[in-house]
Amino acid sequence: MQNRPMTALAAAILALVSVPGAQAQQTGGSWKPEGNVEFVVGAGAGGENDRIARASAQTIAINYLASKKGDANVIGLASGSFINAIARNGSNLHKNVTALMKLFDAYQCYFARVDSPIKTMADVRDRLRADPASVTFAFPVGLGSPLHVSAVNVGKAAGVAASKVIAVVYNSGSDVSAQVAGGHVDVGITSIGSAMPLIQAGKLRMLGIASPERLAGELKDYPTLREQGLDVVTANSYTVLVPNGLTLEQIAFWTRALDKVLADPDFKIELERNFWVPQPIRYPDSVKWLQDDYDENRTILKEIGLAQ
């Protein structure tokens with residue numbers, strides 16, 4: 001399985017910079033890449049279903065990017081799984097590259113079977129407060145993943161210790177949706193795209209989306225977790241990285257190039273199709289954002305005993 005965000009973004013960026021003479025004209029700057037542009041991505045062979053392979057591949061890719069200090073012809077893309085993986089083992093690899101721009105978020109959603117007594121995230125909160133063992137959270141990928149961190153944050157927002165949150169792991173988002181629809185577990189957590197087919201088919205009920213505010217379009221009627229008394233915002237965020245040592249002019253070129261990608265009509269269609277929400281955070285604010293994300297992951301992983 002291809003990693004679609006990385007594939008789509010790589011294609012859009014390479015298309016932008018591959019037109020001869022277009023780079024300086026489009027971005028208005030004097031510096032532009034010379035020769036081939038290398039876009040470094042890492043995705044495991046099992047794609048979204050293989051956490052270990054995917055996280056390892058991203059770490060290898062970002063190590064390679066870090067080795068290209070001062071080379072502005074090399075850029076990379078990392079997902080939230082990369083930060084989660086290095087936060088688990090205490091690596092500071094993210095400091096050996098520069099976070100150029102956080103581009104977009106794939107927000108997580110919570111759902112239950114359509115006839116479940118759990119109707120809202122407020123019901124989840126109240127059940128957790130009464131008895132943490134009364135709610136079982138299911139998600140794909142693995143323990144300690146960003147989805148697990150999300151479940152722990154919901155528990156903490158309800159006043160439950162991280163170690164008391166009950167979690168079950170399945171192989172994929174579609175497996176989670178099927179198990180929840182079948183009544184085998186209480187609450188599922190996946191990307192929005194994984195759950196929407198069964199939600200639209202009337203077999204699952206959307207409980208809430210972990211976004212800072214309601215999303216637009218067909219998702220506008222679904223409440224956030226915040227609206228329901230749980231101050232939790234979680235997403236798989238995609239961030240463009242560059243080697244350390246670039247000049248401000250080179251950083252400005254790539255920032256303008258990425259802004260053009262986000263404004264591209266074809267890329268906007270890709271965003272909408274996959275429920276990805278553009279939430280750009282640009283350099284230098286992106287550096288602080290990445291460190292904060294690392295710190296949050298590291299703190300939660302320590303609380304559940306999965307940090308090395």
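Bear in mind that the values in this text are calculations on the coordinates, not laboratory data. The shown structure was predicted, so the numbers you read here are calculated from the model rather than taken from an experiment. Cβ atoms come from the backbone with ideal geometry, glycine included; neighbour counts cover every protein chain shown.
Structural remarks
- Reach of Lys156 by Cα under 18 Å, taken over lysines that are not fewer than 8 positions away in the same chain: Lys164, Lys302
- Expressed in units of 2.2 N^0.38 Å, where N is the residue count, the Cα radius of gyration of the range 32-181 is 1.28.
- Equivalent-ellipsoid semi-axes of the chain, from the Cα gyration tensor, Å, largest first: 36, 21, 16
- Working note: Karplus 6.51/-1.76/1.60 with θ = phi - 60° gives the range 241-254 the couplings 10, 10, x, 5, x, 6, 6, 4, 5, 5, 4, 5, 4, 5 Hz, where Gly and Pro are set to x.
- Straight-line reach from Lys203: taking Cα to Cα under 25 Å and skipping same-chain neighbours fewer than 8 places apart, the lysines in range are Lys119, Lys220.
- Across the chain, the relative contact order, built from alpha-carbon pairs under 8 Å that are at least six residues apart, equals 28 percent.
- Computed magnitude of the charge dipole of the chain (debye, nearest 20; Cβ of K, R +1, Cβ of D, E -1): 340
- Only lysines eight or more places from Lys102 in sequence, or on another chain, were considered; those with a Cα closer than 18 Å are Lys260, Lys268, Lys288.
- Helical runs assigned H by DSSP (4 residues or longer) give the chain a calculated mean residue ellipticity at 222 nm of -13000 deg cm²/dmol, each run adding -39500 (n - 2.57) before division by the residue total.
- Packing, taken as the mean count of other beta carbons within 10 Å per residue, orders the peptides 135-143, 251-259, 60-68 from highest to lowest as 135-143, 251-259, 60-68.
- Surrounding net charge for Thr120, when Lys and Arg each add one and Asp and Glu each subtract one, Cβ distance under 15 Å: +2
- 3J(HN,Hα) couplings calculated from phi for the range 228-240 with the Karplus curve 6.51 cos²θ - 1.76 cosθ + 1.60 (θ = phi - 60°) are, in sequence order, 9, x, 10, 7, 10, 10, 9, 7, 8, 9, 10, 10, 8 Hz; Gly and Pro show x.
- Listed residues Gly159, Tyr110, Thr136: farthest to the positive end of the dipole of the range 99-183 (Cβ charges): Gly159
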